[in-house]
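Below: one structure, written as structure tokens.
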Amino acid sequence: MGSSQRRGRLTAKGPGAEGMRQADAGLLTRPSDPDFVRSDPWHALRILGEFVDGFDALARVGPAVTVFGSARMGPASEFYGPCREVGRLLAERGYAVMTGGGPGMMEAANRGADDAGGVSIGCTIELPKEEGVNDYVNLHIPFRYFFVRKTMFVKYSEAYVVFPGGFGTLDELFESLTLIQTGKALSFPVVLYGRDHWCGLVDWIREHLRDEGAIDDEDMRLLRVSDDPEEIVRIATGSE
């Protein structure tokens, strides 16, 4: 009849049985090639692990709003105080405040949430120049991969509030608009703080993208702009 091997609900006879035995032995044998940890299968496992950790940490947090902005604009910036106020107002209304967990505008929003005794989340990213997590985060979730972290922001946010920032902030802003426009994500408020700061970009979008037919009026309405933290929080929480 030949040898057979059983694993779970699977039974293999003949040549397949030997292959199953060798697979089991291989699982418990230290690989001779440490380069496996740099292979695609290993990266896939690390990516899956990050998704599981993120989902597990955030699934029971409740409603949250993500605040984006520059890591380079510290307490001396004109935007730091309003960003902190937005964080405080959101926490007072029972919303968790989620940021990239670093300094600057991220610190301001987390600090505001901490001022109000709310849930202050920092989803940090591993970078060559490590910034570390700011002191006002009470739930820290580290990530290696930008796309995993972006998934957490979209999946667990009721709204995005976007303060002035650099390439990373713009990346998050336009990705959110793309996901909403294409129906890959349910529509959620995207609010920009600082009319003077954003007016050039918004005008360019209107005068070139919309007027030249690349987007339409409905797409333009995905963006809201305000200078008032109270109004921003009303928009973000759907209470305006």
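Annotations for the structure displayed:
- Scope region 192-226; condition outside any helix (DSSP H, G or I) and free of Cβ contacts under 8 Å to residues at least 40 places away in the same chain; matching residues: Leu192, Asp211, Glu212, Gly213, Ala214, Ile215, Asp216, Arg221, Arg224, Val225, Ser226
- Sub-8 Å Cβ pairs linking a first residue in region 118-142 that is within 18 Å of Leu58 (Cβ to Cβ) to a second residue that is of a type in the set (Lys, Arg) and in a loop (DSSP other than H, G, I, E, B), at least 6 apart or interchain, are Ile125/Arg144, ordered by first then second residue.
- Annotation note: of Pro41, Pro63, Pro103, the sole residue that is more than 19 Å from Ala236 (Cβ to Cβ) and at pLDDT 95 or above is Pro103.
- First in region 40-53 and at negative phi, second anywhere and at pLDDT 90 or above and part of a helix (DSSP H, G or I), Cβ under 8 Å, 6 or more apart: Ile47/Val148; Glu50/Val148; Phe51/Val148; Phe51/Thr151
- The residue of region 59-107 that is surrounded by the most Cβ atoms within 10 Å (Cβ to Cβ), among those that are among the aromatic types (Phe, Trp, Tyr) and in contact with a strand residue (DSSP E or B) (Cβ under 9 Å, 6 or more places away or on another chain), is Phe68.
- Residues that are within 23 Å of Glu78 (Cβ to Cβ) and surrounded by 14 or more Cβ atoms within 10 Å (Cβ to Cβ), drawn from region 172-223: Glu172, Leu173, Val190, Val191, Leu192, Tyr193, Gly194, His197, Trp198, Leu201, Val202, Leu223
- Filtering region 158-191 to residues that are part of a loop (DSSP other than H, G, I, E, B) and either out of contact with any Lys or Arg (no Cβ under 7 Å at 6 or more places or on another chain) or in contact (Cβ under 8 Å) with a residue 60 or more places away in the chain (or both) leaves Glu158, Phe163, Pro164, Gly165, Gly166, Thr182, Gly183, Lys184, Ala185, Leu186, Ser187, Phe188.
- Failed item, numbered, when Phe143 is tested on (1) within 30 Å of Glu231 (Cβ to Cβ); (2) surrounded by 15 or more Cβ atoms within 10 Å (Cβ to Cβ): (1)
The values are calculated or read from the model by the stated rules, or taken from the named source; none is laboratory data. Treat the numbers as computed from the prediction; the structure is a model and nothing was measured. No Cβ is skipped: glycine too gets one built from the backbone with ideal geometry, and neighbour counts run over all protein chains shown.
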